[in-house]
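One structure below.
The values are calculated or read from the model by the stated rules, or taken from the named source; none is laboratory data. Computed from a predicted structure; not experimentally measured. As a convention, Cβ positions derive from the backbone with ideal geometry for all residues, glycine included, and neighbour counts pool all protein chains shown. Keep in mind that these areas ignore ligands, DNA and RNA; they rest on the heavy atoms of the full protein, side chains included. Shrake-Rupley method; radii C 1.70, N 1.55, O 1.52, S 1.80 Å.
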Protein chains: 2
Amino acid sequence: MEKYFKMSYLIDIYSSLLTDKQLKVLEYYYNDDISLSEIASMLNISRQGVYDTLKRAEKIISEYDDKLNLLEKYERNIELIDKLEGLCEDKESLSLIKEIRENL
Amino acid sequence: MEKYFKMSYLIDIYSSLLTDKQLKVLEYYYNDDISLSEIASMLNISRQGVYDTLKRAEKIISEYDDKLNLLEKYERNIELIDKLEGLCEDKESLSLIKEIRENL
């Protein structure tokens, strides 16, 4: 999993523990690939302000995930689900697997 | 899922966000089914102290889970995994399913 993909998962999981501003900055930067300067002008704050908010939000997320280990769990389960999918052929099993994957 | 089983799952997931004392009280009470008075005497604190610690720890866990929804996700995935298990017969699939279940 590459860095941006991991960060998208982490943002998704931990969004409710962030302020609206922290979440917005993270989403613009990681999900929408918008530069710090552009985000600054969109939110009408300084580039340094955007950078500080980004770093603070990343720190909050990484501290929670160091404790809860949800990314590691997720990656392991995706790996297992991929293997399982390769073994199943019937429509019903594949549809259950799809649902589990989306709910991980 | 009944209340004690749910609480065991929640304690397991969120243990790292609690103090040692909060975790110990929760585990004694929910996992080991020890009474408040007995816990008080084991930890050498008052029964009221045990009660307050228990309520505080439950509140922390429930506030986090209101935000992160991990119990709801877990229950849904267990339901899906149970159905999937009923459809699979080969040893390899069943062993992967077992591992996913343990890692949820």
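What to note about this one:
- First in region A:59-85 and touching a residue at least 12 places away in the same chain (Cβ under 8 Å), second anywhere and open to solvent by less than 80 Å² (accessible area, probe 1.4 Å) and hydroxyl-bearing (Ser, Thr, Tyr), Cβ under 7 Å, 6 or more apart: A:61/A:14; A:64/A:14; A:71/A:9; A:74/A:9; A:84/B:93
- All positions within region A:1-39 that are of a type in the set (Val, Ile, Thr), buried (at least 19 other Cβ atoms within 10 Å of the Cβ) and more than 14 Å from chain B (Cβ to nearest Cβ): A:25, A:39
- Subset of region A:70-93 that is more than 8 Å from chain B (Cβ to nearest Cβ) and open to solvent by 60 Å² or more (accessible area, probe 1.4 Å) - its residue that is nearest to the chain's Cα centre (by Cα): A:72
- Only residues that are in a helix (DSSP H, G or I), over 20 Å from residue A:64 (Cβ atoms) and hydrophobic (A, V, I, L, M, F, W, C) were counted in region B:67-104, giving 9.
- Residue check, residue B:45 modelled with pLDDT of 95 or more and buried (at least 17 other Cβ atoms within 10 Å of the Cβ): no
- In region A:45-58 there is no residue that is not in a helix (DSSP H, G or I) and not assigned by TED's automatic domain parsing to the domain that holds residue A:3.
- Of the criteria (1) in contact with a Leu (Cβ under 9 Å, 6 or more places away or on another chain); (2) open to solvent by 60 Å² or more (accessible area, probe 1.4 Å); (3) facing chain B (nearest Cβ under 8 Å), which one residue A:97 fails: (2)
- Any pair with Cβ under 7 angstrom, 6 or more apart, that starts in region A:16-42 at a residue that is without any contact (Cβ under 8 Å) to a residue 12 or more places away in the chain and ends at one that is polar (S, T, N, Q): A:40/A:46
- Residue A:64 vs. criteria in a helix (DSSP H, G or I), away from every other protein chain (no Cβ under 13 Å) and on the phi < 0 side of the Ramachandran plot: no
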